[in-house]
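Read-outs throughout are calculated quantities, based only on the coordinates presented, and are distinct from any laboratory measurement. Remember, it's a predicted structure, so these values are computed and weren't measured experimentally. Neighbour counts are summed over all protein chains in view; Cβ atoms, including those assigned to glycine, are modelled from backbone coordinates with ideal geometry.
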Amino acid sequence: MRGGRTLSIIGGTAAGWLAVLLLFAASAFLSSRILEEQRFYLTRQSAKDTAGRGNLLAEISRRPSFAFGFRNFLGDMVWLKAIQVSGARRMSRGDYDQLYRLVDTVNNLDPKFKTPYLLGGIILGDSPDHAREALQTLRRGWKNHPAEWRFPFYMGYIQYFSLGDPTQGGRMLLSAARIPGSAPYLPLLASRMLSEGREPETALAFLKEMIDQETNPGRRDALVKRIREVIVERDIQALERARDEYRHRTGRMPESLAALAVEGLIPAVPREPDGGRYLMAPDGEIRSDRVGARMKVFRKR
């Protein structure tokens with residue numbers, strides 16, 4: 001019986017050592033491949049050549065159990081490569097493609113690592129051809145970090161500046177503004193985007209909601225002022241639609257805004273919220289005599 005116990009102990013010890021050796025061999029193999037890929041990248045080969053060399057870590061990232069407990073370590077290694085790619089003074093389309101693959105690999109290996117989502121999404125968003133990938137990266141980050149307002153903020157930035165969609169941009173900023181701790185200027189920027197995107201009523205409803213919650217007198221005054229600006233934009237858009245319909249019906253431009261009411265296209269010329277008047281120029285341009293500029297956000301050229 002003692003002999004049986006001894007053999008059992010020896011067998012258990014041998015199995016334990018075998019498991020350790022297998023783990024060590026797998027770790028050594030992974031480390032050698034990582035170093036090999038790092039050295040290859042540092043020789044500054046083309047992005048096309050390197051695209052096929054990162055498949056090992058990409059495949060491991062899709063099956064995290066194959067990382068043998070080295071997920072964070074491998075994620076850091078891939079992130080270092082991503083930083084090198086994004087640090088190029090002039091990034092080519094291939095560089096952006098590679099950056100997206102690297103960031104996606106990092107996010108698979110370490111989904112709670114916040115920086116790759118943010119930085120990767122911002123840099124990818126600078127390329128019009130990779131705006132969708134940028135949004136996908138930021139959306140994934142927001143899912144893993146729902147309390148981080150910068151994710152919907154940058155998504156709104158990309159929707160507006162890269163995709164030219166002020167409506168979706170404004171809606172994303174609305175989501176960001178509702179997250180506790182978000183920047184106080186977000187409601188103003190969101191309302192400006194929504195007004196430009198022909199959704200002033202949505203902007204007004206949101207601003208009124210924010211006023212009900214705002215306790216800071218300065219920010220409250222800014223919101224009240226913005227509501228008046230959005231009302232002006234809403235009224236001008238309504239008057240422009242009526243002007244266009246008048247021209248479609250009659251074949252000529254109306255002589256005045258009052259003619260729109262006579263034609264039954266509007267109940268009456270709306271009152272300007274700042275105590276001014278709405279005016280129409282001979283060429284048909286409609287404006288307020290109190291508000292100098294329309295509700296638009298500065299666009300990148």
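Is the stretch 178-301 best put as rounded, prolate or oblate by its Cα gyration tensor, with a ≥ b ≥ c the root eigenvalues, rounded for a/c under 1.5, and otherwise prolate when a/b is larger than b/c, oblate when not? Prolate, since a/c reaches 1.5 and a/b exceeds b/c. Here each label is just a point 7 Å from Cα along the line to Cβ, and for Arg294 and Glu201 those points are 2.1 nm apart. Between Asp126 and Ser92, the simple spin-label model (points 7 angstrom out along Cα→Cβ) gives 1.7 nm.
For the peptides 93-99, 127-133, 178-184, the ranking by packing is 93-99, 127-133, 178-184, with the highest mean count of neighbouring Cβ atoms within 10 Å listed first.
At full extension, Glu285 and Glu263 could sit 6.0 nm farther apart than now, given 0.36 nm per residue minus the alpha carbon distance. Taken along the Cα-to-beta-carbon direction at a fixed 7 Å, the label points for Gln84 and Arg241 span 5.6 nm. In this structure, the residue pairs whose Cα-Cα separation is over 23 Å, taken from Lys143/Lys296; Lys81/Lys112; Lys208/Lys296; Lys114/Lys296, are Lys143/Lys296; Lys114/Lys296. With a Förster radius of 30 Å applied to the C-beta separation of Thr250 and Arg277, the computed FRET efficiency comes to 0.80. Electrostatic bookkeeping for Arg277 treats Lys and Arg as +1 and Asp and Glu as -1; over the other residues with beta carbon under 12 Å from its beta carbon, the sum is -1.
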